[in-house]
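Asks: Can you keep this structure in mind? I'll have questions shortly.
The values are calculated or read from the model by the stated rules, or taken from the named source; none is laboratory data. Note that this is a predicted model, so its numbers are computed, not measured. In this analysis, Cβ positions are derived from the backbone assuming ideal geometry, glycine residues included, and neighbour counts consider all displayed protein chains.
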Amino acid sequence: MKLKIFKSGIPMIIAVFFVESFPLPALSQICDNFAADSSLNASLWTNQSSILSALAIDTSSPANTFLTPTLSFSSAGMQMTGVNGHYQFAGIQSLAAFAPPFTLSTTVMGTLSPGNAFAVFLVNGSLSQWLAINGDLIPDTCYQNIWINYTGSGIPLSSLGNALYGNPSLGVFYTIQISVGTNGNASVALMTNGVTLVSQSGLSVGNGPFYVVLAQKEGWPCDSGPLAATWQSICVTSVNTPSINLVSPTDGALNVSIPPTLNVAVSDPDNNRLTVTFYGQVKSANAGPDFTIIALPDTQYYSHFYPWIFTNQTEWIVNNRVASNIVYVTQLGDCVDDGDSNSTEWYNATNALYRLESVGIPYGVAVGNHDEDNGQGHSPLANPTSDTTILYNQFFGTNHFSKYKYPGGYYGGNYGTNGDNFYELFSASGMDFIVLYFEYDEAMTSTDARLTWGNNLLQAYANRRAIVVSHYIITNYTAGSTFGAQGQAIYDALKTNANLFLMLCGHICPDGEGRRTDVFNGSTVWTLLSDYQDLGTTCGNDCQHACGNDCGDGWLRIYTFSPSNNVIHAQTYSPYLSAVIGVQTNMTDANNQFDIPYNMSGMWVPIATNSNVASGSTTSAAWPGLTPGTQYQWYVTVSDGQATTTGPVWTFTVKTNVPPVFLSVTLTGGMISFDWSAIPGRTYQLQYKTNLAQIDWISLGGTNTATDVTMSATDSIWPDPQRFYRVILLP
């Protein structure tokens, strides 16, 4: 038997004296070994008379009182002493301003306990900005030898919560290493004896240039003695950057074959091995229309005491779905008050939320602690390992949403045996989205199987923009909008996915507003908290709870996506109060009405990463799955382990009529199976001959229209001794 296949041809420093900045020269290193030199290197630091300043912010003395600490040197290094009292800073500041890319390494030891803290800061902009920092000190706070995370005009290189590392041992030298790249991204690591204790990457610090500040501070009531930390050494080293040159396809190329092969030439001045990552996206046409996502926070008291407020919210959504182009609604957890203890609450919730189904608005309901019933009524200690979600799954579980299964609907599927964790898919204005829901569980860690499931989904749907909804992710503004335990676990597990851009939550009251941004590998994730259950001007006395006697007054969040402006407008509105009062009712303060910058002109996805690439060589990546006749954009990043260079954006257009290509052929017994490349929406015909001398090809079955980028077919070749096959693209 012969088989032949024919391929088709078709702490803070106060700058009392301003100093002129100058960038670090290329290929240079400036170091100061305080232990060996017993002095200050004049090329790195300002002179003895002006290097030191301190700000005392004390309840017993005027704010912004300037003091002058004393420097002392020993074989161990340099100490700063002579500042006493509450909330005082001391430090030294570099004369030079360093332009990225550079690395910084400094070693320090804390010598007093427990009231000292020491930190490294990068300062951009005018040094005089450091004059107004009293808001950064928290009264009656114990700062215990940790890298404090401050706000203000400087860029602190510590952001694991409020500290990079908590309570280091006295008498031990710690080394902090900072790398700042040309793209403004930074990484930081804390080590001792060559062992990394903690590290973080993806910090966005900007392009500088930066002054370096070595600082220490004191916090009452822990200690009121003199500040003392021993600084051993510091080195700032400039970094050479790799280069990128386009090989093919040429920028603006037309009629590029599928799949295209992207080629670039890369080199490194230090001849280091390189890591090259290719990114691509469809070049967007004109921006689509604005659209809206609605968030319904903590509706438990509506379900329990005031169901008409709940129905008023969803009726408003239904009535405004066209005018506001409302494409999705998310309920942020605590849908009801008493979990499995009160079915009436669930009927009230369905009476409100099922109205969305009647007009085809996709929505999801997160599992909050009040939705999990552990037999304690309001479920304040809810934990999925002991709590049940029987009624939640009865009314909003997998069985209910199965009739809206994707494709054709929006319900994607669930994790495990119930619907507590699930995902949904929707599209708006030419963009595709995935929404992941995680049940309330403060015991969740970043290695939890549910988060692994979620991470796999974000990778499988890398071409969809990702939103995460979970009941408790961050605290409010008053508490610094810090991650809760589950929120930190979710972010840590999913942050490597570049398509993740937004996380939504509720749970916190009173003062249930919060907002934070986190950057990892250049990708920004916004986390937004909204919860208004502590507000209520129209509620009665029935609703008595930990946040007061109020119910929420029907406040909801409106997120309007504006693709033409690359911004998300956040508004807080109460349709219920508007109906009661008779006027439009919005919260217009900065915590409730704000804008979020978000690029909607395209979504860059990684195509391939090539490691260990030799300097001076050409490296390539194939880009499969492209649509004929479509224009694409791509760029490359090159890293030598110290600096990363990001290349320009190039474009090309794929051929309109791309001939099909056989991708695989399998012969099993007398059956042969084919896979070939295809263009979605185009029609193909598989044909054969038993002898090439024959004039006509014989069609196998009818024509087939492609729904994906590949097509398949099978044929029985018996009893012919040989067959020749081809597949043709029909007009």
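Asks: I want to confirm something. Restricting to region 466-496 and keeping residues that are surrounded by fewer than 24 Cβ atoms within 10 Å (Cβ to Cβ) and of a type in the set (Ser, Thr, Tyr), which single residue is modelled with the lowest pLDDT?
Replies: So the residue we want is Thr478.
Asks: Looking only at region 694-708, count every residue that is outside any strand (DSSP E or B) and touching a Ser or Thr at 6+ places or on another chain (Cβ under 7 Å) and tell me the total. Steps first, please.
Replies: Taking region 694-708 as the starting set, the residues that turn out to be outside any strand (DSSP E or B) are 694-697, 700-703, 706-708.
Next cut, touching a Ser or Thr at 6+ places or on another chain (Cβ under 7 Å) only: 703.
The qualifying residues number 1.
Asks: State all residues of region 709-728 that are in a strand (DSSP E or B) and under 13 Å from Ala678 (Cα atoms); if no residue qualifies, say none.
Replies: Initial filter on region 709-728 (in a strand (DSSP E or B)): 710-716, 722-728.
Thr710, Met711, Ser712, Ala713, Val727, Ile728, listed by residue number.
Asks: Can you confirm whether region 448-470 contains a residue that is in a loop (DSSP other than H, G, I, E, B), in the same structural domain as Tyr415 (by TED's automatic domain parsing), of a type in the set (D, E, K, R) and more than 15 Å from the chain's Cα centre (by Cα)? Reasoning before the result, please.
Replies: The first filter runs over region 448-470 and keeps only residues in a loop (DSSP other than H, G, I, E, B), leaving 448, 461-464.
Now narrow it down to the ones that are in the same structural domain as Tyr415 (by TED's automatic domain parsing): 448, 461-464.
Filter again for of a type in the set (D, E, K, R), leaving 448, 464.
Among the residues that remain, those that are also more than 15 Å from the chain's Cα centre (by Cα) are: 448.
Within region 448-470 (the criterion being in a loop (DSSP other than H, G, I, E, B), in the same structural domain as Tyr415 (by TED's automatic domain parsing), of a type in the set (D, E, K, R) and more than 15 Å from the chain's Cα centre (by Cα)), the answer is yes, since at least one residue qualifies.
Asks: Here's a follow-up. Considering each residue of region 587-599, count those that are surrounded by 15 or more Cβ atoms within 10 Å (Cβ to Cβ) and in a loop (DSSP other than H, G, I, E, B), and give that number.
Replies: Summing the residues that are surrounded by 15 or more Cβ atoms within 10 Å (Cβ to Cβ) and in a loop (DSSP other than H, G, I, E, B) in region 587-599 gives 4.
Asks: Here's something else I'd like to know. Within region 439-465, take every residue that is among the charged types (D, E, K, R) and under 18 Å from Asn418 (Cβ atoms) and give me the one that is surrounded by the fewest Cβ atoms within 10 Å (Cβ to Cβ).
Replies: Pass one, region 439-465, residues among the charged types (D, E, K, R): 439, 441-442, 448, 450, 464-465.
Next, from what is left, pick out any that are under 18 Å from Asn418 (Cβ atoms): 439, 441, 448, 450.
Numbers: Glu439: 27, Asp441: 25, Asp448: 18, Arg450: 20.
Looking at the filtered set, the residue picked out is Asp448.
Asks: Across region 681-696, what is the total count of residues that are under 28 Å from Val654 (Cβ atoms) and surrounded by 12 or more Cβ atoms within 10 Å (Cβ to Cβ)?
Replies: Summing the residues that are under 28 Å from Val654 (Cβ atoms) and surrounded by 12 or more Cβ atoms within 10 Å (Cβ to Cβ) in region 681-696 gives 6.
Asks: Ok, one more. So which strands (runs of 3 or more DSSP E) are wholly in region 241-311 and hold at least 3 residues that are over 29 Å from the mean Cα position of the chain (by Cα)?
Replies: Details: elements: 243-248, 253-256, 261-267, 274-282, 291-296.
Of the strands (runs of 3 or more DSSP E) lying wholly inside region 241-311, those with at least 3 residues that are over 29 Å from the mean Cα position of the chain (by Cα) span 243-248, 253-256, 261-267.
Asks: Being assigned to a strand (DSSP E or B), surrounded by fewer than 16 Cβ atoms within 10 Å (Cβ to Cβ) and of a type outside the set (S, T, N, Q) is the filter here; which residues of region 619-676 pass it?
Replies: Hits for region 619-676 are Ala622, Leu663, Val665, Leu667, Met671, Asp675.
Asks: If you go through region 561-586, how many residues are crowded, with 18+ Cβ neighbours inside 10 Å and within 23 Å of Asp511 (Cα to Cα)?
Replies: Total satisfying the criteria: 9.
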